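Here the structure comes first, spelled out in structure tokens, and everything after it is commentary.
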Amino acid sequence: MTKLWGGRFTKTAEEWVDAFGASIGFDQQLVEEDIQGSLAHVKMLGKTGILTSEEVTTITGGLETLLEKAKKQELEFSVQNEDIHLNLEKLLIDEIGPVGGKLHTGRSRNDQVATDMHLYLRNQIEEILVEVKALQQALLTQAKGNVETLIPGYTHLQRAQPVSFAHHLMAYFWMLDRDYDRYQDSLKRVNVSPLGAGALAGTTFPIDRHYSAELLGFDGIYENSLDAVSDRDFIIEFLSSSSMLMMHLSRLCEELIMWSSQEFNFIEIDDTFATGSSIMPQKKNPDMAELIRGKTGRVYGSLFSLLTILKGLPLAYNKDMQEDKEGMFDAVTTVKGSLKIFTGIIETMTVKKETMEAATNADFSNATELADYLANKGLPFREAHEVVGKLVLLCIQKGIFLLDLPFSDYKQASELFAEDIYEVLQPKTVVARRNSAGGTGFEQVKKALEKAEGVIAEKRL
């Protein structure tokens with residue numbers, strides 16, 4: 001088969017060489033974006049008089065036919081035609097005749113593929129934003145039902161202070177909110193048109209890049225043709241934002257996995273998002289959470305792969321850049337799937353409130369409250385810290401907790417202690433009293449939930 005670019009060649013590659021160099025196996029995912037870009041391009045060629053109205057009508061009709069076939073998955077692609085662009089050009093020529101070859105006037109595959117990826121990522125980011133919002137809503141709904149549900153808070157995976165479970169969940173709400181903002185902000189750099197930059201230097205044809213950009217819904221054009229065809233920053237930024245999002249999901253996955261274990265027994269993941277064992281009948285494994293935790297590495301890999309590909313490339317386009325797509329496609333699939341699964345996990349999980357609260361009564365996470373109690377009565381905090389540390393040691397030696405310690409031991413440790421100490425040490429009191437802005441106190445948590453409701457309402461998609 002003669003290549004569409006094969007005029008200066010005297011030999012054709014063997015099939016296995018063609019297969020190695022072809023990208024049609026994965027870039028066919030850009031089929032609709034490629035046709036949309038071509039529809040805008042041909043309309044611009046007509047507006048500027050580069051093509052006649054009859055030629056524009058014929059080419060547009062052919063492209064619309066291909067688009068309909070693409071939506072029905074009726075197009076057949078060939079490795080010999082390398083990529084989505086040449087495959088579609090060949091199919092267009094087969095559909096409408098030689099006039100189809102005029103479509104490529106004033107553009108190159110270099111600006112064409114860049115345009116496709118800008119269109120693709122714009123669409124995908126908008127869909128991801130919807131999924132992020134849905135997960136935020138699921139977290140918010142769970143949090144509303146668990147404002148006064150207590151759970152041990154941890155540092156170093158050691159019990160630290162009791163917190164509201166709603167407060168814990170909402171930490172992830174705000175992480176996701178930053179993820180949402182990063183994706184949304186990145187659209188400013190995604191929604192820029194490289195179309196018409198040509199191979200690297202522009203074109204001699206009197207094209208109107210601003211018009212084609214407007215037709216495609218872009219906010220503007222690249223100001224430099226070299227930059228237009230060689231820029232992949234917008235993909236790196238997408239992969240970076242996605243890596244951060246997946247990192248946040250992975251952290252919550254780790255907690256869900258621990259919480260659903262028999263040792264913690266704080267939650268139960270719905271059967272829909274768990275699996276069993278082929279040998280151990282009693283097992284219920286949090287596989288979906290584990291998979292999301294594992295898939296995080298795929299997205300990290302795609303980010304580092306593209307950074308590595310681009311780090312040594314001179315301007316402008318190089319064939320290395322064909323490797324920019326598979327990681328992008330994979331990250332999109334991974335992120336969207338992970339968000340959808342995660343929303344389901346959060347919406348359907350069972351919170352074992354009694355078990356959580358019992359855990360806060362069987363530890364020393366109320367010790368800080370004792371130190372604050374003494375400090376509020378005038379004892380320097382560092383001295384209060386030492387007094388409480390010795391009381392904790394005494395409890396450990398006796399095999400009891402602070403609420404079990406006789407009042408005589410408190411008075412012996414410090415004359416500042418009064419009988420109200422047992423109320424102060426109650427886990428619910430400990431949590432409720434932490435009423436600083438952004439804290440776990442119940443009133444602060446309720447304020448945070450109200451604010452989060454407003455944040456969700458403002459996300460107009």
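The values are calculated or read from the model by the stated rules, or taken from the named source; none is laboratory data. Predicted model, so just to flag it, every value in this text is computed and none were measured. Cβ sites come from the backbone with ideal geometry, for glycine too, and all protein chains shown count toward neighbours.
Among the helices (runs of 4 or more DSSP H) lying completely within segment 10-116, list those that include at least 1 residues that are modelled with pLDDT of 95 or more and surrounded by 20 or more Cβ atoms within 10 Å (Cβ to Cβ).
Correct list: 31-47, 53-71, 84-96.
Of the residues that sit in segment 156-177 and are among the small types (G, A, S) and not in a helix (DSSP H, G or I), which one is surrounded by the most Cβ atoms within 10 Å (Cβ to Cβ)?
S164
Quick test of your reading of the structure: L121 fulfils all but one of (1) over 30 Å from R182 (Cβ atoms); (2) not in a loop (DSSP other than H, G, I, E, B). Name the failing condition by number.
Of the numbered conditions (1) over 30 Å from R182 (Cβ atoms); (2) not in a loop (DSSP other than H, G, I, E, B), the odd one out for L121 is (1).
E453 - would you say it is over 27 Å from the mean Cα position of the chain (by Cα) and acidic (D, E)?
No, not satisfied.
Sort out which residues of segment 318-343 are of a type in the set (F, W, Y) and either under 14 Å from Q28 (Cα atoms) or at pLDDT below 95 (or both), and write them in order of number.
Within segment 318-343, F329 is the sole residue that qualifies.
Only one of these is touching an Asp or Glu at 6+ places or on another chain (Cβ under 6 Å) and over 22 Å from N123 (Cα atoms): A166, A138, A199. Name it.
So the residue among A166, A138, A199 that is touching an Asp or Glu at 6+ places or on another chain (Cβ under 6 Å) and over 22 Å from N123 (Cα atoms) is A138.
Which residues, taken from segment 226-266, are over 30 Å from G196 (Cβ atoms) and hydroxyl-bearing (S, T, Y)?
Result: S243, S250, S260, S261.
What number goes with the only condition from (1) among the small types (G, A, S); (2) in contact (Cβ under 8 Å) with a residue 40 or more places away in the chain; (3) in contact with a helix residue (DSSP H, G or I) (Cβ under 7 Å, 6 or more places away or on another chain) that S230 does not pass?
(3)
Given the structure, is E369 assigned to a helix (DSSP H, G or I), touching a Phe, Trp or Tyr at 6+ places or on another chain (Cβ under 6 Å) and touching a residue at least 60 places away in the same chain (Cβ under 8 Å)?
no
Run down L405, L416, L394 and say which single residue is touching a Lys or Arg at 6+ places or on another chain (Cβ under 7 Å), modelled with pLDDT of 95 or more and of a type outside the set (D, E, K, R).
L416
Identify all residues within segment 312-334 that are crowded, with 16+ Cβ neighbours inside 10 Å and of a type in the set (V, I, T); write none if there are none.
Within segment 312-334, V332, T334 meet the criteria.
A quick yes/no check of all residues on (1) surrounded by 17 or more Cβ atoms within 10 Å (Cβ to Cβ); (2) in a helix (DSSP H, G or I); (3) in contact with a strand residue (DSSP E or B) (Cβ under 9 Å, 6 or more places away or on another chain):
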{"site": "E386", "(1), (2), (3)": "no, yes, no"}
{"site": "K390", "(1), (2), (3)": "no, yes, no"}
{"site": "I396", "(1), (2), (3)": "no, yes, no"}
{"site": "I400", "(1), (2), (3)": "no, no, no"}
{"site": "S408", "(1), (2), (3)": "no, yes, no"}
{"site": "K411", "(1), (2), (3)": "no, yes, no"}
{"site": "A418", "(1), (2), (3)": "no, no, no"}
{"site": "E423", "(1), (2), (3)": "no, yes, no"}
{"site": "K428", "(1), (2), (3)": "no, yes, yes"}
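Could you check, for segment 313-326, whether at least one of its residues is in a helix (DSSP H, G or I), assigned by TED's automatic domain parsing to the domain that holds A166, under 19 Å from L245 (Cβ atoms) and not charged (D, E, K, R)?
No.
Identify all residues within segment 124-145 that are of a type outside the set (D, E, K, R) and under 30 Å from E32 (Cβ atoms); write none if there are none.
Correct list: Q124, I125, I128, L129, V130, V132, A134, L135, Q136, Q137.
So that you can scan it fast, the table gives a plain yes or no per residue for (1) of a type in the set (G, A, S); (2) under 19 Å from A160 (Cα atoms):
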{"residue": "K377", "(1), (2)": "no, no"}
{"residue": "P380", "(1), (2)": "no, no"}
{"residue": "A384", "(1), (2)": "yes, yes"}
{"residue": "S408", "(1), (2)": "yes, no"}
{"residue": "S414", "(1), (2)": "yes, no"}
{"residue": "T429", "(1), (2)": "no, yes"}
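If we keep just the residues of segment 217-227 that are out of contact with any Ser or Thr (no Cβ under 6 Å at 6 or more places or on another chain) and surrounded by fewer than 22 Cβ atoms within 10 Å (Cβ to Cβ), which is nearest to A448 (Cα to Cα)?
Among them, the one singled out is D219.
Out of A201, A171, A134, report the one residue that is in contact (Cβ under 8 Å) with a residue 60 or more places away in the chain, of a type in the set (A, V, I, L, M) and in the same structural domain as F304 (by TED's automatic domain parsing).
The conditions single out A134.
Report the residue count in segment 344-367 for those that are among the hydroxyl-bearing types (S, T, Y) and surrounded by fewer than 17 Cβ atoms within 10 Å (Cβ to Cβ).
Qualifying residue count for the region: 3.
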